[in-house]
Amino acid sequence: MILGLSIPAFTQLHVIISLIAIASGLVWLVALTRGRWLPRTNLVFLVTTILTSITGFMFPLAAVTPAVITGVVSLAVLAVSVAAIGPFKRHGVWNGIYALTAAIALWLNCFVLVVQSFLKIGPLNALAPTQTEPAFAAAQGLVLVALVLLGFLGVRRSRTAVASA
């Protein structure tokens, strides 16, 4: 039991939070690339992304795994994001730092989504059962390239979004 939920129920809650984080993050980042700041969508993204990492640490652990390392990196990046948007209010260089760190946090969520998809979805697992196959590398590569591009555009256009916020 975790937070009074069975492990399967808690896993489902964790997945739902993660999918909300990814969906809201993509909507927010695409809007940012167009010079638009979506404060509510950004808040949903930031809160659910933080919750994704926190709930990930609540699962029973026997050792340090790649998932644990990803969670630690995500929380470190999110700490900078929270500082940039909170105390520093996205002023000056902190605006670009927020856009960059939020994009990195979104990529980490998407990275885990691809990993979990190849583990749990039968046809994808058949393509890359060990996650060392070209199909897995191609999927991760596409996600990385897409988010680097969106992140780059988001950082560049975040100045415009400050004026409209």
Test: residue in the range 72-86 that is crowded, with 18+ Cβ neighbours inside 10 Å and part of a loop (DSSP other than H, G, I, E, B): no
Could you list, in sequence order, the residues of the range 32-59 that are surrounded by 15 or more Cβ atoms within 10 Å (Cβ to Cβ), more than 14 Å from the chain's Cα centre (by Cα) and without any contact (Cβ under 8 Å) to a residue 40 or more places away in the chain? LEU38
Going by what's in this entry, would SER158 be described as out of contact with any strand residue (DSSP E or B) (no Cβ under 6 Å at 6 or more places or on another chain), among the hydroxyl-bearing types (Ser, Thr, Tyr) and surrounded by fewer than 18 Cβ atoms within 10 Å (Cβ to Cβ)? no
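Does at least one position in the range 63-85 carry a residue that is polar (S, T, N, Q) and more than 18 Å from LEU113 (Cβ to Cβ)? Explain how you work it out, then say what you get.
Kept after step one, since they are polar (S, T, N, Q), are these residues of the range 63-85: 65, 70, 74, 81.
With the extra rule that they be more than 18 Å from LEU113 (Cβ to Cβ), the set shrinks to 81.
Scanning the range 63-85, I find at least one residue that is polar (S, T, N, Q) and more than 18 Å from LEU113 (Cβ to Cβ), so the answer is yes.
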Among the residues of the range 2-15, is there at least one that is closer than 19 Å to ILE104 by Cβ and either without any contact (Cβ under 8 Å) to a residue 40 or more places away in the chain or of a type in the set (Gly, Ala, Ser) (or both)? no
Scan (1) of a type outside the set (Gly, Ala, Ser); (2) at pLDDT below 95; (3) buried (at least 20 other Cβ atoms within 10 Å of the Cβ) for the single condition LEU106 breaks and write down its number. (2)
Of (1) modelled with pLDDT of 95 or more; (2) loosely packed, with under 13 Cβ neighbours inside 10 Å; (3) of a type in the set (S, T, N, Q), THR65 fails just (1)
Residue in the range 138-152 that is in contact (Cβ under 8 Å) with a residue 12 or more places away in the chain, farther than 23 Å from ILE69 by Cα and in contact with a helix residue (DSSP H, G or I) (Cβ under 7 Å, 6 or more places away or on another chain) present: yes
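Matching residues to (1) closer than 16 Å to LEU100 by Cβ; (2) assigned to a helix (DSSP H, G or I); (3) among the basic types (Lys, Arg):
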{"position": "ARG40", "(1), (2), (3)": "no, yes, yes"}
{"position": "PHE45", "(1), (2), (3)": "yes, yes, no"}
{"position": "THR52", "(1), (2), (3)": "no, yes, no"}
{"position": "MET58", "(1), (2), (3)": "no, no, no"}
{"position": "ALA62", "(1), (2), (3)": "no, no, no"}
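Using the structure shown, decide if VAL115 is among the β-branched types (Val, Ile, Thr) and either more than 17 Å from the chain's Cα centre (by Cα) or under 29 Å from ILE85 (Cα atoms) (or both). First the steps, then the outcome.
Working: among the β-branched types (Val, Ile, Thr): yes; either more than 17 Å from the chain's Cα centre (by Cα) or under 29 Å from ILE85 (Cα atoms) (or both): no.
Judged against the criteria, VAL115 is not a match.
So is LEU13 among the hydrophobic types (A, V, I, L, M, F, W, C), under 25 Å from GLY154 (Cβ atoms) and either touching a Phe, Trp or Tyr at 6+ places or on another chain (Cβ under 6 Å) or not in a loop (DSSP other than H, G, I, E, B) (or both) or not? Break it down into steps so the answer makes sense when it comes.
Details: among the hydrophobic types (A, V, I, L, M, F, W, C): yes; under 25 Å from GLY154 (Cβ atoms): no; either touching a Phe, Trp or Tyr at 6+ places or on another chain (Cβ under 6 Å) or not in a loop (DSSP other than H, G, I, E, B) (or both): yes.
Taking the combined requirement at face value, the residue does not satisfy it.
The values are calculated or read from the model by the stated rules, or taken from the named source; none is laboratory data. A quick note: this is a predicted structure, and the numbers were derived from the prediction, not measured. Backbone-built Cβ (ideal geometry, glycine too); neighbour counts: all protein chains shown.
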